[in-house]
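What follows is a set of notes on a single structure, which appears directly below.
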Amino acid sequence: MEIIFASNNLNKIREINNVLGNSFRLLSLHDIGMNKDIAEDEMTLEGNALHKARHIFKAAGMSVFADDTGLEVEALDGRPGVHSARFAGENKDSEANIEKLLLLLENKCNRNARFRTVIALILEGNEYVFEGTVKGSIISERRGTRGFGYDPVFVPEGKTKTFAEMDLDEKNMISHRARAFEKLKLFLSGYQQKPVGKNAL
């Protein structure tokens, strides 16, 4: 099955290829000649994912999925959430985002947080949504050089290493994004085998 992933983020594409395996031919936005970022100005992760998927489906006329991910911190009332990528400004600077996060949590005892990924899929004109989450905590200083975004300060529940200290296979055993994309993979595998009823949003 050939399907567009509405992203040019090479880190994400590498992670998703690792999860989906060889059953699908994954096309990036670059592969279909679309190099501009799609606006992420909705108020929810679900809204952003659907907006991106609908935009690409309309432009390319092919099956497409899009995702949006947010870090939700209890002590910050769920922030940065949908604004995670732009927490410290519009230039999506991961280092600045982490600095702001750590500053806001400096005197907080509650360091609980969770990553949440939402995937919106448009397949033959029908829309489907999948979600994956992982709970954990925010540590006070960066550890590790792998991963991206907030990975250096996030320790998943039951683990001692940050996501940035894990190799890709280890991270994909438990990560929010991997859990959401496993649901997508199972759905697409079933779809290839038999017709699926309409489940439009």
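Taking the helices alone, the chain has a mean residue ellipticity at 222 nm of -9500 deg cm²/dmol, built from -39,500 (n - 2.57) per DSSP H run of at least 4 residues and averaged over all its residues.
In sequence order, the range 73-82 has phi-based couplings of 9, 4, 5, 10, 6, x, 6, x, x, 5 Hz under the Karplus curve 6.51 cos²θ - 1.76 cosθ + 1.60, θ = phi - 60°, and Gly or Pro positions carry x.
Label-to-label distance, L103 versus H83, with points set 7 angstrom from Cα along the beta-carbon direction: 1.4 nm. Charges were assigned to the Cβ only: +1 to each Lys and Arg, -1 to each Asp and Glu. The resulting dipole of the range 69-201 about its Cα centre is roughly 300 debye.
The calculated FRET efficiency for the pair E131 and R25, based on their C-beta separation and a Förster distance of 25 Å, comes to about 0.50. The simple spin-label model puts a point 7 Å past each Cα toward its Cβ; for E124 and K58 those points are separated by 2.4 nm. Comparing I138, M173, F115 along the charge dipole axis of the chain, the residue lying farthest to the positive side is M173, per the Cβ-charge model.
For the peptides 157-164, 81-88, 176-183, the ranking by packing is 176-183, 81-88, 157-164, with the highest mean count of neighbouring Cβ atoms within 10 Å listed first.
Projecting the Cα positions of A164, L20, G70 onto the charge dipole of the chain (unit charges on Cβ atoms of Lys, Arg, Asp and Glu, taken about the Cα centre) puts L20 furthest along the positive direction. Give the residues of the range 159-193 whose amide nitrogen is closer than 12 Å to a point set 7 Å from the Cα of R143 in the direction of its Cβ. So the set is 159-166.
Let me make sure I get this right: for the range 1-72, a, b and c are the square roots of the gyration tensor eigenvalues over alpha carbons, sorted descending. Under 1.5 in a/c it's rounded, otherwise prolate if a/b > b/c, else oblate. Which is it? Here the range 1-72 falls in the oblate category. Subtracting the Cα-Cα distance of M1 and K92 from their residue separation scaled by 0.36 nm leaves 29.5 nm. Distance between the C-alpha centres of the range 40-118 and the range 148-188: 16 Å, rounded to the whole angstrom.
Which distance in nm do the two modelled labels at T44 and N110 give, with both placed 7 Å along the Cα-to-Cβ direction? So the label points at T44 and N110 sit 2.3 nm apart.
Out of the DSSP beta bridges found with both residues in the range 2-193, what percent are antiparallel (nearest 5)? Around 85 percent antiparallel, to the nearest 5.
Throughout, read-outs are computed from the coordinates displayed, never taken from laboratory work. Quick caveat, the model's predicted, so the values are computed rather than measured. All Cβ positions, even for glycine, are placed from backbone atoms using ideal geometry, and neighbour counts span all protein chains on display.
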